[in-house]
Amino acid sequence: MREIVLHISLLLLLLGVGCDNASDVTKQQSVSIAYLKSLCDDSSVRIKQDLYIEGCVVANDRYGDIDKAIVINDASGGIEISIDCPKVEEIIKLYSDVRVNCSGLYIGREGARFVIGHEPTDRYVVDRIPEGEILNYVNMLCITGTPPQPTTMSVSEIEPSSVMRYVHVESLRVIDEEQGQMWCDTTTTLRNTLRHFTDGRDTLPVVVSRGCDHATEVIPSEWCTLIGIIDWYDRRCALRIIAQQILIQ
């Protein structure tokens, strides 16, 4: 009987030590994107706490909509992660759920846009995370391939706090002055272009990357719904269409 009691006591001691070690190892704290943004009280701040965020990748370079970056969203908002990689989609799929380990990275602010990356060395608020290091920080949780439900917003509701949020804006029509034009202007080459849509009362700027798949298509003249992210472009909010989600009404 004494031998059995000793074995049980030893087992309990070992279990106790194991639990203590586990609690020491698991120190990462899950925070919202909104909370992470609140830490940025300067143009660029190092994230010293052992924090992580989780969210869905709502934008990358699959359709050429953005370059060398991903945008992730959670229920509290969106944030950009800057990546030095020519084909981000090959590493981090559009509409995948990810965990971003933020400790040691920097969060910077460009107007109303918040971006995560490496320590800045030049005029940018953060530097891009090298391709060989990105999986040290971004862990794939699930690849659904299905777009998340966007937040429905009217033009009048869009404000700087909406930047990087994945949204759905209904009942829009390109302004009369831009009817019949391509999404992107061209001289000798295509260039990034700002188009303008109206809901009949307010006007919504729409920024179009020269590298996106619909750059050379003619803008629909019909009333439509646009789905994308709210970007910060030329010091103001502008919608950036993601994955050619232009739905004719």
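The values are calculated or read from the model by the stated rules, or taken from the named source; none is laboratory data. Just so it is clear, the structure is predicted and the values come from calculations on it, not from any experiment. As a convention, Cβ positions derive from the backbone with ideal geometry for all residues, glycine included, and neighbour counts pool all protein chains shown. For accessibility, only protein heavy atoms count, side chains too; no ligands or nucleic acids. Shrake-Rupley method; radii C 1.70, N 1.55, O 1.52, S 1.80 Å.
Computed values, structure above
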read-out: Nitroxide proxy distance, nm - points 7 Å out along Cα→Cβ at GLU131 and ASP50; value: 3.2
read-out: Computed over the range 121-249, Kirkwood Rh from alpha-carbon pairs, angstrom; value: 16.3
read-out: For LEU105, distant residues with modelled amide H under 5 Å away; value: ILE47
read-out: Fraction of antiparallel bridges per DSSP, the chain only, in percent to nearest 5; value: 85
read-out: Whole-number accessible area per residue in Å² for the chain, which is evaluated in the context of all protein chains at 1.4 Å; value: 52
read-out: Percent of alpha-carbon pairs separated by more than 35 Å within the chain; value: 25
read-out: Calculated FRET efficiency for the pair LYS27/THR216, C-beta based, R₀ 51 Å, to 0.05; value: 0.50
read-out: Calculated on alpha-carbon atoms, Rg and Dmax of the range 83-188 in Å; value: 17.8, 49
read-out: Cross-link partners of LYS68 among lysines (Cα-Cα below 17 Å; sequence separation of 8 or more within a chain); value: LYS87, LYS93
read-out: Peptide ranges 155-161, 166-172 listed from the most packed, as the mean C-beta count within 10 angstrom indicates; value: 166-172, 155-161
read-out: With Cα atoms, 0 to 90° folded angle of helix 2-25 axis to the chain main axis; value: 30
read-out: List LYS87, LYS93, ordered by accessible area with a 1.4 Å probe, largest first; value: LYS87, LYS93
read-out: Within the chain, helix-based [θ] at 222 nm, where runs of 4 or more DSSP H residues each add -39,500 (n - 2.57), nearest 500; value: -4000 deg cm²/dmol
read-out: Accessible area, probe 1.4 Å, largest first, for residues TYR52, TYR35; value: TYR35, TYR52
read-out: Longest to shortest principal axis, alpha-carbon extents of the range 118-164, angstrom; value: 39, 34, 11
